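Asker: Got a structure for you, written out below as structure tokens; questions coming shortly.
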Amino acid sequence: TATNKNLEDLVRKGLFREDLYYRINVIALYLPPLRERGEDVPLLAKHFLAKRIEEDNRSPQEFSKDAVDLLSRYPWPGNVREMENIIEQAFIWSKGFDTITPEHLPTILKNDTRSSSLRDDTLAGRLSLEKAVMEFEREIILDALKRTSYIQTHAASLLGISRRMLKYRMDTLGIGRPDQEVSTEPQVAVQE
């Protein structure tokens, strides 16, 4: 049995049955959250991947160094269960590839590290809030477009907005197809 609660405290406060506590408390182990065990991330990722490969009887796969770095930098608020789900997604998206790269990993891993950088730059006064929000929006839209092979209707659906709104945001943020990128600099409204 596993829990993220201190059952001993809950028993003392009368919030957990004492008889049940003694029944399940054979050996108590404290295991720190995954975010505090960075060295375990690559090992667990390989374990979950190997498990899925065996279940699906798929050809062996491995993680690229960049993918392992991305997994290692992520704070894992959902702990090991979140990691297992993310590896499951990467396994599905990487079908037909020998190596799992950052492109096969969910956006949340990439955006979490990027959003920290945007937040730090904004709070340090190096970037306005408006520009930080636009940059973050630009990255999310680009990621949705890449995942849907730049089919705007599918990207809009993925983002939960209309195709018309997506097109408007793409124009505002200077996003075009990779072969006809409009601008790398978002258009910020200037107020005088």
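Asker: Taking the criterion of being of a type outside the set (S, T, N, Q), surrounded by 15 or more Cβ atoms within 10 Å (Cβ to Cβ), modelled with pLDDT of 95 or more and at negative phi, would at least one residue in the range 21-37 satisfy it?
Answerer: Checking the range 21-37: not a single residue is of a type outside the set (S, T, N, Q), surrounded by 15 or more Cβ atoms within 10 Å (Cβ to Cβ), modelled with pLDDT of 95 or more and at negative phi.
Asker: Is one or more of the residues making up the range 78-88 at positive phi, in contact with a Leu (Cβ under 9 Å, 6 or more places away or on another chain) and not assigned by TED's automatic domain parsing to the domain that holds Thr3?
Answerer: Yes - at least one qualifying residue is present in the range 78-88.
Asker: Listed residues Glu135, Glu130, Glu192; which is charged (D, E, K, R), at pLDDT below 90, surrounded by 12 or more Cβ atoms within 10 Å (Cβ to Cβ) and over 23 Å from the mean Cα position of the chain (by Cα)?
Answerer: Matching residue, one of Glu135, Glu130, Glu192: Glu130.
Asker: Tally the residues that are of a type outside the set (Lys, Arg) and not in a loop (DSSP other than H, G, I, E, B), restricting the search to the range 1-38.
Answerer: The number of residues fulfilling the criteria is 13.
Conditions tested, residue by residue: (1) closer than 22 Å to Arg177 by Cα; (2) touching a helix residue (DSSP H, G or I) at 6+ places or on another chain (Cβ under 7 Å).
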position	(1), (2)
His47	no, no
Ala50	no, no
Arg58	no, no
Val68	no, yes
Asn85	no, no
Pro106	yes, yes
Leu123	no, no
Asp143	yes, yes
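Asker: Could I ask something else about it? In the list Pro102, Pro60, which residue meets the criterion of being at pLDDT 90 or above, touching an Asp or Glu at 6+ places or on another chain (Cβ under 9 Å) and surrounded by 16 or more Cβ atoms within 10 Å (Cβ to Cβ)?
Answerer: Criteria check complete, one pass: Pro102.
Asker: In the range 1-14, what residues are closer than 24 Å to Gly78 by Cα and either assigned by TED's automatic domain parsing to the domain that holds Val41 or not polar (S, T, N, Q) (or both)?
Answerer: Ala2, Lys5, Leu7, Glu8, Asp9, Leu10
Asker: Could you check, for the range 78-98, whether at least one of its residues is over 28 Å from Ala155 (Cβ atoms), surrounded by 13 or more Cβ atoms within 10 Å (Cβ to Cβ) and modelled with pLDDT of 85 or more?
Answerer: Checked the range 78-98: at least one residue is over 28 Å from Ala155 (Cβ atoms), surrounded by 13 or more Cβ atoms within 10 Å (Cβ to Cβ) and modelled with pLDDT of 85 or more.
Listed here are the residues, each with its yes/no results for (1) aromatic (Phe, Trp, Tyr); (2) at pLDDT 85 or above; (3) assigned to a helix (DSSP H, G or I).
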site: Ser116; (1), (2), (3): no, no, yes
site: Asp120; (1), (2), (3): no, no, yes
site: Lys146; (1), (2), (3): no, yes, yes
site: Tyr150; (1), (2), (3): yes, yes, no
site: Ala155; (1), (2), (3): no, yes, yes
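Asker: Something else: Condition first: small (Gly, Ala, Ser), closer than 30 Å to Asp143 by Cα and in a loop (DSSP other than H, G, I, E, B). Can you find one or more residues in the range 55-64 that meet it?
Answerer: Yes, because at least one residue in the range 55-64 is small (Gly, Ala, Ser), closer than 30 Å to Asp143 by Cα and in a loop (DSSP other than H, G, I, E, B).
Asker: Could you give me the residue pairs with C-beta distances under 7 Å whose first residue belongs to the range 44-61 and is assigned by TED's automatic domain parsing to the domain that holds Trp76, whose second residue is among the hydroxyl-bearing types (Ser, Thr, Tyr) and at pLDDT 95 or above wherever it lies, and which are 6+ apart or on separate chains?
Answerer: Correct list of pairs: Gln61/Thr99.
The values are calculated or read from the model by the stated rules, or taken from the named source; none is laboratory data. Computed from a prediction, not measured in an experiment: that's the story for all the values here. Because the Cβ atoms are built from the backbone with ideal geometry, glycine has one as well, and the counts that use them run over all protein chains shown.
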